[in-house]
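The values are calculated or read from the model by the stated rules, or taken from the named source; none is laboratory data. What you see is a predicted model; the values in this text were computed from it and never measured. We place every Cβ from the backbone using ideal geometry, glycine too, and count neighbours over all the protein chains shown.
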């Protein structure tokens, strides 16, 4: 049964309560005009320092990789691909083919499934994701570049900040240290 | 050589030129550019943003408006094939001229030598000229042959019907108090801090809201509300023509502010016009412009606070609340005149 239409009745406000409401609104405006609580992030000069565990760019630790291909299989965006690399077996000294993952950041949605599924923790996140590539080809990593942490140019040029919710002031921007903990 | 300089000074001092070109066009344009910057900065300040910044960070983005002006000036003016060309081009220009023209009827001094027109019926003349320009906004909307433009023009028409009587009646409350249409006499009646804003605050309030309604300032920015009718009657305009349209509303608000200053805020008082061009004409005009600029700043502050009323809400406010208040203000003026307070 479809819901019945209900006639909503809004009690009309009197003239004086309307005037009072207008005056209150203007008073709040004046208060903010003389005491502005700006929270704009001036981006290239400041950047938000993200916490550890943030799902940013992904880095491979090649020594831990056991070539199980779980990351490539679970990837919902098909960004992760396995490439075949000839390696020398350390025990027998024979030449053989081993598979390693590479990632295409044009497709990656930063879901972090590959990091979660990896049985040997060979993949990890870095806590930043604002990196600009100049071309589409640059965003496709090969095995060498997948093992390095990508360069974070914003951190070199800007100052790290973090937003916290203050009980009195609301959203507040605070300066933090570049490395490690917070600075009040 | 000195003859040339004297001749140029004589031409500048000539009241029609000084009042129409310098006080009527250049000075309000400068004030409007400052006010646009102030409006954006104030809205940003109240809404916890920064506002224009990156064009000139040292002077808080002060050159942003100049950059916008240059952009509007050099943008291509597109005239669509479907519009009524003559009306489409002429309507905003006439609206701009008509919104500046009332300045001829506003006295900036009480020395009769500097009046561009005889000031006997100046209040009536200024109000009549001020209320002409919205007609051409409707013409612009109609000529654009666009549904948003026509809806915007019709909204403007609705608003004219509701605000015009309020604005005119509340200005005429000053006439009820002094018994004259002469703006110079109205200013003279306000000597010794007997400003009409103190004697009749109700009339000032209704005139203030009437000006907000007529120049589509917040919270009555209904005729060109962006979320509903793109840019109202100015939807089809581009480049400099759009800039003219937007500037005309601000210039009209500036002229209204000058009128409010003369009628309610004591005109050139506390300064008394003296002898010569500088003390007799320049200094009083500067005083009036400073007061009008403060009024403009209050007008633009509302942008930061208010949302937008619906059309029916605005008309309801105009007819059910403001119109009775205006009549009461008019009666208050008559009573004050009867008991000789003025």
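The set of residues in the stretch A:27-79 that are within 14 Å of chain B (Cβ to nearest Cβ) and within 26 Å of residue A:177 (Cβ to Cβ) comprises A:37, A:38, A:39, A:40, A:41, A:42, A:43, A:44, A:45, A:46. Whether any residue in the stretch B:141-154 is out of contact with any helix residue (DSSP H, G or I) (no Cβ under 7 Å at 6 or more places or on another chain), surrounded by fewer than 24 Cβ atoms within 10 Å (Cβ to Cβ), more than 27 Å from residue B:200 (Cβ to Cβ) and modelled with pLDDT under 85 is what I want to check. Within the stretch B:141-154, not a single residue is out of contact with any helix residue (DSSP H, G or I) (no Cβ under 7 Å at 6 or more places or on another chain), surrounded by fewer than 24 Cβ atoms within 10 Å (Cβ to Cβ), more than 27 Å from residue B:200 (Cβ to Cβ) and modelled with pLDDT under 85.
Output yes when any residue across the stretch A:51-62 is closer than 24 Å to residue A:146 by Cβ, part of a helix (DSSP H, G or I) and touching a residue at least 12 places away in the same chain (Cβ under 8 Å), and no when none is. Yes, there is a match, as at least one residue in the stretch A:51-62 is closer than 24 Å to residue A:146 by Cβ, part of a helix (DSSP H, G or I) and touching a residue at least 12 places away in the same chain (Cβ under 8 Å). Residues that are at the interface with chain A (Cβ under 10 Å from one of its Cβ atoms) and either in contact (Cβ under 8 Å) with a residue 12 or more places away in the chain or not in a helix (DSSP H, G or I) (or both) within the stretch B:318-331 comprise just one, B:325.
Scanning the stretch B:36-47 for residues that are closer than 19 Å to residue B:293 by Cβ and either more than 16 Å from the chain's Cα centre (by Cα) or within 14 Å of chain A (Cβ to nearest Cβ) (or both) gives B:37, B:38, B:39, B:40, B:41, B:42, B:43, B:45. Closer than 18 Å to residue A:62 by Cα, surrounded by 16 or more Cβ atoms within 10 Å (Cβ to Cβ), out of contact with any helix residue (DSSP H, G or I) (no Cβ under 8 Å at 6 or more places or on another chain) and touching a residue at least 12 places away in the same chain (Cβ under 8 Å): does that describe residue A:154? So residue A:154 fails the test. Give the residues of the stretch B:51-65 that are within 13 Å of chain A (Cβ to nearest Cβ), over 18 Å from residue A:33 (Cβ atoms) and assigned to a loop (DSSP other than H, G, I, E, B), sorted by residue number. If the condition is that a residue be within 13 Å of chain A (Cβ to nearest Cβ), over 18 Å from residue A:33 (Cβ atoms) and assigned to a loop (DSSP other than H, G, I, E, B), then B:54 is the only one that fits.
Condition (residue is surrounded by 14 or more Cβ atoms within 10 Å (Cβ to Cβ) and touching a strand residue (DSSP E or B) at 6+ places or on another chain (Cβ under 6 Å)) applied to the stretch A:25-42: is it met by at least one residue? Among the residues of the stretch A:25-42, at least one is surrounded by 14 or more Cβ atoms within 10 Å (Cβ to Cβ) and touching a strand residue (DSSP E or B) at 6+ places or on another chain (Cβ under 6 Å), which makes the answer yes. Set side by side, the residues B:255, B:222 differ, and just one is closer than 20 Å to residue B:38 by Cα and either surrounded by fewer than 21 Cβ atoms within 10 Å (Cβ to Cβ) or away from chain A (no Cβ under 14 Å) (or both), which is B:255.
Conditions tested, residue by residue: (1) part of a loop (DSSP other than H, G, I, E, B); (2) more than 14 Å from the chain's Cα centre (by Cα); (3) under 30 Å from residue B:177 (Cβ atoms).
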{"position": "B:191", "(1), (2), (3)": "yes, yes, yes"}
{"position": "B:202", "(1), (2), (3)": "no, yes, yes"}
{"position": "B:212", "(1), (2), (3)": "no, no, yes"}
{"position": "B:219", "(1), (2), (3)": "yes, yes, yes"}
{"position": "B:242", "(1), (2), (3)": "no, yes, no"}
{"position": "B:260", "(1), (2), (3)": "no, no, yes"}
{"position": "B:289", "(1), (2), (3)": "no, no, yes"}
{"position": "B:295", "(1), (2), (3)": "no, no, yes"}
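Here the condition is being surrounded by 12 or more Cβ atoms within 10 Å (Cβ to Cβ) and either outside any loop (DSSP other than H, G, I, E, B) or without any contact (Cβ under 8 Å) to a residue 40 or more places away in the chain (or both); of A:84, A:99, it holds for A:99 alone.
Conditions tested, residue by residue: (1) within 14 Å of chain A (Cβ to nearest Cβ); (2) at pLDDT below 85; (3) surrounded by fewer than 18 Cβ atoms within 10 Å (Cβ to Cβ).
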residue: B:23; (1), (2), (3): no, yes, no
residue: B:26; (1), (2), (3): no, no, yes
residue: B:34; (1), (2), (3): no, no, yes
residue: B:49; (1), (2), (3): yes, no, yes
residue: B:73; (1), (2), (3): no, no, yes
residue: B:80; (1), (2), (3): no, no, yes
residue: B:91; (1), (2), (3): no, no, no
residue: B:117; (1), (2), (3): no, yes, yes
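Just a yes or no: is a residue in the stretch B:97-112 surrounded by fewer than 18 Cβ atoms within 10 Å (Cβ to Cβ), without any contact (Cβ under 8 Å) to a residue 60 or more places away in the chain, in a helix (DSSP H, G or I) and touching a helix residue (DSSP H, G or I) at 6+ places or on another chain (Cβ under 7 Å)? No, the stretch B:97-112 has no match at all.
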